[in-house]
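Okay, structure first, notes after.
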Amino acid sequence: MHKQYYEQYDEVVYSKTLENGLKVQILPKKGFHKTYALFTTNYGSIDNHFIPRGEDEAIKVPDGIAHFLEHKLFEKEDEDVFQKFSRQGASANAFTSFTQTSYLFSTTENVKENLITLLDFVQEPYFTEETVEKEKGIIAQEILMYDDAPDWRLMFGLLENLYPNHPAATDIAGTVESIQEITAEMLHTCYETFYHPSNMGLTIVGQVEVEEIMDIIETNQNGKKFSEVEKIQRFFPSENMNDLIKERSETMEVSRPKVAMGIRGIEKHNYDINDLKKMLMLQMLMNLLFGQTSKTYLDLYDRGIIDDTFGAGAIWQRESDYVVVSGDVNNPEEAISEIKKILLNASESPELCTKNFELMKKRLLGQNLRSLNSVEYIARQLYMPDYGNITLFDVMPLVEDIELEDIVELAKEYLKEEYLSIYTIRPEIK
Amino acid sequence: MSFEIKKGVHSHILVTDKYKTINLQFNFRKPLDVESLSKRAMLAAVMETNSLNYPSQTALGEALSDLYGSSFGTSSQRFGDEHLFRVEFIFPNPKFLKIDINEFYKEIFSFIQEIIFVPHVIDGKFHEPTFKREQENLLEEYASYRDDKQLYSALKLNELYYPDASHQVPGKGRAEELNTITPSSLYEVYQEMIAEDLIDVLVTGDIETDIINDAIASLPWTDRSAKDSDVLYLQRTEEEFRENTEIQEVNQAKLHMAFETPFLYGSDDYYAGLLFNGIFGGFSHSKLFINVREKESLAYYASSSVRSLTGLMTVQAGIDQKMAEKTEQIILEQLDAIRKGEISDNEIEQTKAMLTNSFLQTLDSPHRSMVRAYRDIATGVESLTAEEYFAELSAVTKEDIQRVAEMVKYRAKFILKGVDVDA
């Protein structure tokens, strides 16, 4: 077991990769009542094209299957796993993102018991045609709920522009139509391929006895049979940047127009610390341009071009990376024109100055510190396969290494007009 | 530890070494009236945006960045039958930053004094451009409620359930009153709040009580006549069932039901009420979750929640609109089942475990632990330790739960649905 002490934060992380490939990380947190455990597979909504374990031919599965699988794992022959956790005093949940599916519980008692339940329920799937059919109704309602949410539609509208014909733009839950095609057999295929422990991570944060917990995990895992560790072959469409859609809009029942603008990256990911560094630089760039010390932002706000709903940031995950700016606006054309100017001339922006840069570093240091108050946050940031073998503790040393010149260079290289896209939602004219 | 700083101004220091931050919460409380909703929402907006010596968001942003990413926020809300204005600050604990600790404390209290006592006021009026812009933003926020279908439905239900305007109107007010406020009348609202409200300052983190309390006491507080009004909302008296259905272009219908409940915060039945709500629709093992979502696949979500300061329990479900009647029926059947005593020992045990879990988790969050502590301070309810809380829950019997279920009354219903395909 590897032990890493982070003196600056007065925190320790214990880690070990088990024989079956499972990556375990434990951060003991004294004084906290809550223990939070997160069991994650490096499999999400984008992984719709792959070679199933034990086969030679690639297959494509319907949209929304990773999310569907997440729902179904909770249902066992004798009872719903939520009930079991509840009885053991834990509250459980799960979520599916573009690139990961996570199962978690938080509890203030019976940590060992709940941990075993977590490992067992995720590793003992149970799907029948009946249970699969029944879930379609529930998930259809979930999809419709999101279809009514304008901000959700705004994001996906932009993604569809930036990544046309690519699963990075597919709604995580799929569509009401696509989920009808899902069968129990497909769920098994996806499960066998992606839920192998070597493709997964287990993180535990809270007031725990590390040796004891690691022992329980190892005993549990050694008592089960797993197939060989195999690299999973996933396929993604080769992209033609000319397919990028520059601008689209739709109407919805909203009170005011909404605009989302994004610029995507075009370089392949390395899945190592360089990816994390690049993402941090993109976030820092957007922070400088539009964050709390930005006079550029203040000017837009004071002129009523944007308001408190405005947000800007950078997203980086497996198979996609982009910067995005969005919010409610009164005049879409005006907002788009102004923001476009800022983005495409970013390397010359007065916001990219030493004073702002130094203030930003101070700010990031304090915010990073503050995030350590949350056991959930820590647990989610310990296993981050989108960046390789990285944890949240690697962030500040990287930030300290980054210079203003690096950000300016990145602005020139990344913020290009040919990779810019705009999505607008307009109110219906009654 | 609690201290009286001035008449009507108290500090409460909660020392703990488990956080990396120092968190302060300033609470201003007064009796509720409908105009205060808009007035204090405006005050919260302008005070969060800038101050006299940090006259722009950028200047404020720079000051916060310089304090190592500190942050603060204001909020204005209904609090039972009273109004609560809150300013909350989060500062990194300087022991983790390689800097002079005493210097840092001086800087943060200087910042606090600026935000609370030196608003952006010139010649008896709030800075006009800031005022105008925040007024517009608030008006736009009111208009946006319609975009969040669940929120919208909840607000419509309030209109049906509560008989008085101060409870029917959304917590941040409405255009009607907002449009009558001016930069100078807003300053009067501010002065009134500083001079007359009941004030409680809570602090938590790895701090020394004396040092922090001295710093808080040195801020320019004044005495005020300590009139403690009742936070708890008096029961509504209307008997008539009220309902409304609205049609919008939505894909998923919303069913919202309002019930009057007697188990207010601090009452003898409060713990029985917590168990009742947990079993009914408060957790994923609850009757609503199991019977509405899982068994019948009728809804993606079906849950209940209680506002313990006003005694309103709401049930919310997102459903296919053709299923509205059926869903309502099944929900009422679950209430009936509890009244009849169809509650297993398992359900009771699980609910007790989940409630205890929730309580303990609150203690892990600086913000939530202060919110809980403040609620006890304002209602005069004794703050319990985890053991005492668990003991209260343990003392509740199945008969108690049945009894409170009998007292629950179905009062109002709101349905939001799409255009009827076959009307």
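Farthest towards the positive end of the charge dipole of the protein assembly as shown, among the residues A:S45, B:S75, A:A314, is the Cα of B:S75, using unit charges on the Cβ of Lys, Arg, Asp and Glu.
Distance distribution note for region B:138-237: the fraction of Cα pairs above 24 angstrom is 53%. Every Cα-Cα pair of chain B was included, and the share exceeding 42 Å stands at 21 percent. Overall shape of region A:244-350 was characterised from the C-alpha gyration tensor. The equivalent ellipsoid obtained from it has semi-axes of 25, 18, 12 Å, in decreasing order. Loop-located trypsin sites (Lys or Arg not before Pro) across region A:1-79 with a Cβ neighbour count of 14 or fewer within 10 Å are A:K30, with loop assigned by DSSP.
Here's the picture: charge each Lys and Arg Cβ at +1 and each Asp and Glu Cβ at -1 in region B:97-197, and of B:P129, B:S110, B:P170 the one pushed furthest to the positive end of that dipole is B:P170. Here the residues A:S198, B:S284, A:S249, ranked from fewest to most Cβ neighbours within 10 Å of their Cβ, fall in the order A:S249, A:S198, B:S284. Evaluated with a Cβ-only charge set (Lys, Arg +1; Asp, Glu -1), the protein assembly as shown carries a dipole of roughly 840 debye about its Cα centre, given to the nearest 20. The charge dipole of region B:62-179, taken about its Cα centre with unit charges on the Cβ atoms of Lys, Arg (+1), Asp and Glu (-1) only, comes to about 280 debye. Per residue of peptide A:145-154, the mean number of Cβ atoms on other chains within 10 Å of the residue Cβ is 4. Take each residue in A:310-318, count the other chain C-beta atoms within 10 Å of its C-beta, and the mean is 0. In the frame of its principal axes, region B:46-182 has Cα extents of 56, 36, 28 Å, reported largest first. The Cα atoms of region B:342-423 cover 56, 34, 23 Å along the three principal axes, with the biggest extent listed first. Counting only lysines at least 8 places from B:K413 when in the same chain, those with an alpha carbon closer than 27 Å to its own are B:K149, B:K156, B:K172, B:K254, B:K287, B:K295, B:K322, B:K326, B:K340. Normalised by 2.2 N^0.38 Å, with N the number of residues, the alpha-carbon radius of gyration of region B:1-107 equals 1.25. Distance from the alpha carbon centroid of region A:123-196 to that of region A:236-286 works out to 22 angstrom. Binning every alpha carbon pair distance of the protein assembly as shown at 10 Å from zero, what are the percents per bin? Percent of pairs per bin, in order: 2, 11, 19, 26, 25, 13, 3, 0, 0. Across region B:233-327, the convex hull enclosing all Cα atoms gives 107 Å³ per residue.
Listed by chain and number, the lysines whose C-alpha is less than 19 Å from the C-alpha of A:K341, apart from same-chain residues fewer than 8 away, are A:K246, A:K258, A:K295, A:K412, A:K416. The sum of -39500 (n - 2.57) across all DSSP H runs of n ≥ 4, divided by the residue count of the protein assembly as shown, sets its helix-only mean residue ellipticity at 222 nm to -12500 deg cm²/dmol. Rounded to the nearest angstrom and listed largest first, the equivalent-ellipsoid semi-axes of region A:169-253 from its Cα gyration tensor are 39, 20, 17. For chain A, the spread of Cα positions along the three principal axes, ordered from largest to smallest, is 62, 53, 40 Å. Less than 26 Å apart at the alpha-carbon level, and either on another chain or at least 8 residues along: which lysines does that give for B:K95? List returned: A:K3, A:K29, A:K30, A:K34, A:K355, A:K361, A:K362, B:K18, B:K20, B:K106. Partner shielding of A:25-35 amounts to 3, given as the average count of beta-carbon atoms from other chains within 10 Å of each residue beta-carbon. Its Cα centre serving as origin, chain B has a Cβ charge dipole (Lys and Arg +1, Asp and Glu -1) of approximately 460 debye.
The GluC sites (Glu not before Pro) found in region A:346-430 that occupy coil by DSSP, while having at most 16 further C-beta atoms within 10 Å, are A:E403, A:E428. Taking the longest Cα principal axis of chain A as reference, the axis of helix A:404-414 is set at about 90 degrees.
Annotation for region A:248-303: GluC sites (Glu not before Pro) lying in DSSP loop with at most 10 further Cβ atoms inside 10 Å of their Cβ are A:E267. For chain A, a Gaussian network of Cα nodes joined below 10 Å ranks A:G223, A:G291, A:G311 by mean-square fluctuation, and the top entry is A:G223. Phi angles across region B:31-45 convert, under the Karplus curve 6.51 cos²θ - 1.76 cosθ + 1.60 with θ = phi - 60°, into 3J(HN,Hα) values of x, 8, 8, 5, 5, 4, 4, 6, 4, 6, 5, 5, 4, 4, 5 Hz, Gly and Pro given as x.
Read the figures in this text as sums done on the coordinates, not as results from a lab. For clarity, every value in this text was computed on a predicted model and none was experimentally measured. Positions of Cβ are backbone-derived with ideal geometry, glycine not excepted, and every protein chain shown enters the neighbour counts.
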